[in-house]
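*Asks:* One structure, pasted below without further comment.
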Amino acid sequence: MELFDPPEPDRTGGRDARAGSAGSTSGPSAPRGAEKDVPLADRMRPRTIDEVLGQDRLLGPGKVLRRAIERDEVRSVIFWGPPGTGKTTLARIIAQRTGAHFITLSAVLHGVKDLRAGIDEARAMRRRGRKTILFIDEIHRFNKAQQDGLLPSVEDGTVILIGATTENPSFEIIAALLSRARVFVLEALGESSLLGLLQGALEDKERGLGRTGLRAEEDALRRIASLASGDARAALNILELAAAIALDESAPGGPARGEGAPAIGEAEVSEAAQRRVLLYDKSGEEHYNLISALHKTLRSSDPDGALYWLGRMLEAGEDPMYLLRRLVRFATEDVGLADPRALQVAMAAQQAFHFIGLPEGKLAIAELTVYLAAAPKSDSVYRAYGRVQRAIEDRPAEPVPKHLRNAPTGLMKDLGYGKGYQHAHQFDDAVVEMEGLPDGLRGERFYRPGKRGFEAEIASRLRRREEILAERMGKSLGVPEEPPSKDCRPTDPAMPGRRARRPKPPGGAGE
């Protein structure tokens, strides 16, 4: 635990005393002294509210958070947003402006002992008549017990809590703590905000790269903004490395790249960035957002959308086997018997991926994705099995009817096991007049075929079966069709936040 120490007004100091002395070059110079040891992203961290970019919705003139900071009236808050959007920066700005005692903890580095020490310190300050702000970075890393330990102090006002998190507070922060803090959502920075940040870093002679004489091509800056995906820290890190490459190229003995001041072009950016920065956490909210988008575009028969969300997950490092399992599941749940080959294609894609491996195996997953998106859709089997589950849950477990029981011994035959069983192959059309359900479920129709794809053929076969039975019994039976209905699927444990709705009982509306 440590007291929050705001950055000094001038961390870079004056110009090096040796500048211009013998041995120095007349060309552009890189940052010197202590400045070299501090990353550009940290040097360019905003020091005032007005320097914070991309959060006008929260910090614009007259906005509630800005007013609270300016009046030193901040109450317990949670800052939630992607990396590089200014959560820790806002905490530092509050630390610089507040008259309160300010304590900072990192949920990554500190535990219960540090938390208790901080609260004890806050109690001591309270006895002296001074309030305490407790900032916890990465607060979602605290477990339930650690978060529970905060409750009494937040509730009685011993501390004003400021938490910063990249994860959805609904999932990662306990409800009791969440109800005592206001959540402010910080958004990923747009291109214009990132371009302004990058240009400012290039021109700033105190904290940025202004003393180097570097210039940057507009397309190069746009490329950095695109690669950073809304993350200010990532954008500045790419710029800093690209600047180092450009300065190295312009130094004596470096590879020539033309005359004049050193410049950052797309070549330097590509070398610095290597690949796009993708926001992704295999166990966080973005994981569930992306898999939800994949499922919903597949279900909507949108191959382009499905391919895009698949690519977002694969290129961010998602386990391909996880995606294949989800696609196999989709083939059974959402395509089903409308295209029975979908399951075969899904299993073939899994086998192909095992055989080929990465990176070429991604194409097998992409091919499966397009196939599933284009396939006719049916969830009739899914819903049929749901009816079976409800029947098992809601009704007594009845014994197997005797005519369906096996009778391997004479005693069993004497007890009536197998009596009345009709062997389908001994009848025309292999259709028999035999009840397959226990008495309490007699006449129940769990499977109700849809009208799309191969399921239309299945419905036709079942109608033919009913017609044959009706002729024998002298009455009309009919095959019930699966009506469209709202999604009543049970909660998916892999997708938190999806609430199940209790299905209506058999015979009710929608059945």
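The values are calculated or read from the model by the stated rules, or taken from the named source; none is laboratory data. Owing to the predicted nature of the structure, the values given are computational and were not obtained by experimental measurement. With ideal geometry, Cβ positions are generated from the backbone for all residues, glycine too; neighbour counts draw on all protein chains shown.
*Asks:* Here are some conditions: (1) in the same structural domain as Arg75 (by TED's automatic domain parsing); (2) out of contact with any helix residue (DSSP H, G or I) (no Cβ under 9 Å at 6 or more places or on another chain); (3) under 17 Å from Gly86 (Cβ atoms). Gly196 meets all but one. Which one does it not meet?
*Replies:* Here Gly196 meets the rest and fails (1).
*Asks:* What are the residue pairs meeting all of these: first residue in the range 36-55, first residue without any contact (Cβ under 8 Å) to a residue 24 or more places away in the chain and closer than 17 Å to Lys205 by Cβ, second residue among the charged types (D, E, K, R) and buried (at least 17 other Cβ atoms within 10 Å of the Cβ), Cβ atoms under 7 Å, and 6 or more apart or on different chains?
*Replies:* none
*Asks:* Would you mind telling me which numbered condition in (1) closer than 21 Å to Ser301 by Cβ; (2) touching a helix residue (DSSP H, G or I) at 6+ places or on another chain (Cβ under 8 Å) Arg329 fails?
*Replies:* The failed condition is (2).
*Asks:* Ok, one more. In the range 170-206, how many are part of a helix (DSSP H, G or I) and at pLDDT 90 or above? Lay out the reasoning, then the answer.
*Replies:* Taking the range 170-206 first, the residues part of a helix (DSSP H, G or I) are 170-172, 175-178, 191-203.
Still in the running and at pLDDT 90 or above: 175-178, 191-203.
Residues meeting the conditions: 17.
*Asks:* Filter the range 404-423 for residues that are assigned to a helix (DSSP H, G or I), modelled with pLDDT of 80 or more and under 21 Å from Arg472 (Cβ atoms) and give the result.
*Replies:* none
*Asks:* If I filter the range 32-46 down to residues being assigned to a loop (DSSP other than H, G, I, E, B) and either more than 16 Å from Gly196 (Cβ to Cβ) or not basic (Lys, Arg) (or both), which single residue comes out as modelled with the lowest pLDDT?
*Replies:* Step one: filter the range 32-46 for residues assigned to a loop (DSSP other than H, G, I, E, B), giving 32, 38-39, 44-46.
Subset that is either more than 16 Å from Gly196 (Cβ to Cβ) or not basic (Lys, Arg) (or both): 32, 38-39, 44, 46.
Values: Arg32: 48, Val38: 86, Pro39: 91, Met44: 93, Pro46: 92.
By that ranking, first place goes to Arg32.
*Asks:* Now for a different question. Need at least 1 residues that are touching a Ser or Thr at 6+ places or on another chain (Cβ under 9 Å) and without any contact (Cβ under 8 Å) to a residue 40 or more places away in the chain per element, so show me which helices (runs of 4 or more DSSP H) inside the range 291-402 make the cut, counting only ones lying wholly within it. Show your work before the answer.
*Replies:* Details: elements: 303-315, 320-330, 341-356, 362-374, 380-394.
Fully inside the range 291-402 and qualifying: 303-315, 341-356.
*Asks:* If you don't mind, there's one more thing I want to ask. Considering only residues that are more than 21 Å from Glu73 (Cα to Cα), outside any helix (DSSP H, G or I) and not aliphatic (A, V, I, L, M), which ones fall in the range 99-134?
*Replies:* Ser106, His110, Gly111 - these are the residues of the range 99-134 that are more than 21 Å from Glu73 (Cα to Cα), outside any helix (DSSP H, G or I) and not aliphatic (A, V, I, L, M).
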